[in-house]
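Comments concern the structure below.
The values are calculated or read from the model by the stated rules, or taken from the named source; none is laboratory data. It should be emphasised that the depicted structure is a prediction, and the values quoted were computed from it without experimental measurement. Glycine gets a Cβ as well: all are built from the backbone with ideal geometry, and neighbour counts include every protein chain shown.
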Amino acid sequence: MRVKLQFVATAITALGILLGMVCKRLIPQYWTDWYVAVLAFFWVVEMVMSFVLERSLQPATANKRFMQTYLIAKGVKFVLTIVLIGVGIQQIGTEEKTETMVFAGSAVAFYLLHLAGETFVLTKKKNG
């Protein structure tokens with residue numbers, strides 16, 4: 001499971017890098033230097049989360065402990081994402097409305113992409 005989660009996180013990050021290069025080349029007005037920070041943030045969070053979830057899969061009471069750990073990890077990830085968006089907006093400044101919106105939008109988009117990837121991996125693990 002850990003390897004699958006890490007693979008999905010790395011694939012999403014690679015896709016993000018590709019999209020970022022296309023965006024920077026074709027529509028530079030919608031590029032923000034903080035985009036790289038968003039990609040790095042979610043990749044690191046997913047790597048840590050995969051290790052934590054794998055450790056919770058020990059044989060005794062694995063299902064209950066795994067579900068508790070997963071829900072706590074999701075809550076922590078959500079709070080960290082809100083903090084990332086808040087810090088990013090504060091650092092960018094309110095005068096740069098386009099850059100602020102691109103940053104917040106990319107953070108939310110990658111949060112949702114990683115959420116979908118985790119859901120896919122974990123439902124496949126449970127059913128298969």
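Mind listing whichever residues of segment 1-31 are exposed (fewer than 13 other Cβ atoms within 10 Å of the Cβ) and either of a type in the set (D, E, K, R) or touching a His at 6+ places or on another chain (Cβ under 7 Å) (or both)?
25
Which residue pairs have Cβ atoms under 6 Å apart, sit 6 or more places apart or on different chains, and have a first residue in segment 101-128 that is farther than 22 Å from residue 54 by Cα and in a helix (DSSP H, G or I) and a second that is modelled with pLDDT under 90 and of a type in the set (Phe, Trp, Tyr)?
102/30; 103/34; 106/35
So is residue 83 hydrophobic (A, V, I, L, M, F, W, C) and either over 12 Å from the mean Cα position of the chain (by Cα) or surrounded by 14 or more Cβ atoms within 10 Å (Cβ to Cβ) (or both) or not?
yes
Can you tell me which condition residue 94 does not meet? The list is (1) surrounded by fewer than 18 Cβ atoms within 10 Å (Cβ to Cβ); (2) in a helix (DSSP H, G or I), and all the others hold.
Every condition holds for residue 94 apart from (2).
Could you look through segment 1-58, keep only residues that are in contact (Cβ under 8 Å) with a residue 60 or more places away in the chain and either out of contact with any helix residue (DSSP H, G or I) (no Cβ under 9 Å at 6 or more places or on another chain) or polar (S, T, N, Q) (or both), and pick out the one that is farthest from residue 116 (Cα to Cα)?
In this case the residue turns out to be 29.
Taking the residues in segment 35-91 that are part of a helix (DSSP H, G or I) and hydroxyl-bearing (Ser, Thr, Tyr) as candidates, determine which candidate is modelled with the highest pLDDT.
81
With respect to residue 111, is the statement that it is farther than 14 Å from residue 9 by Cβ, at pLDDT 85 or above, among the hydroxyl-bearing types (Ser, Thr, Tyr) and touching a Phe, Trp or Tyr at 6+ places or on another chain (Cβ under 9 Å) true?
no
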